[in-house]
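The values are calculated or read from the model by the stated rules, or taken from the named source; none is laboratory data. The structure displayed is predicted, hence computed values, not measured ones. Cβ placement follows ideal geometry from the backbone for every residue including glycine, while neighbour counts extend to all protein chains displayed. Areas reflect the complete protein model, heavy atoms only, side chains present, ligands, DNA and RNA absent. Shrake-Rupley method; radii C 1.70, N 1.55, O 1.52, S 1.80 Å.
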Amino acid sequence: MAPPQKDTFEYVTYTKKRETCPACLKPIRLDRPARREMLGRADGDPIVAYWHMACAPEGARR
């Protein structure tokens, strides 16, 4: 079994469809920038998540 991948913030972007921030569980507005992150999973391929800029962990708020 492969080890889980590390979560990685990639860049700031705008979402193309309604997404929910995993930190605050509120929707991200389509007209607001968001941080894109690949969430590693032990049981499969990583998934993409989008965070509000204010909700992203400290190291990702650049």
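Here are a few things to note about the model shown:
- Average Cα contact separation per residue, the stretch 14-55, under 8 Å, 6 or more apart, as relative contact order %: 40
- Cα→Cβ-extended label distance, 7 Å offset, between Met38 and Lys26, nm: 3.0
- Estimated from the Cβ-Cβ distance and a Förster radius of 22 angstrom, the FRET efficiency linking Val12 and Ile47 is about 0.75.
- What the stretch 15-58 shows is 66 Å² of accessible area per residue, with the surface traced by a 1.4 Å probe over protein heavy atoms.
- Sparse-neighbourhood loop sites, trypsin sites (Lys or Arg not before Pro) in the stretch 16-51 - DSSP loop, at most 12 other Cβ within 10 angstrom: Lys16, Lys17, Arg18
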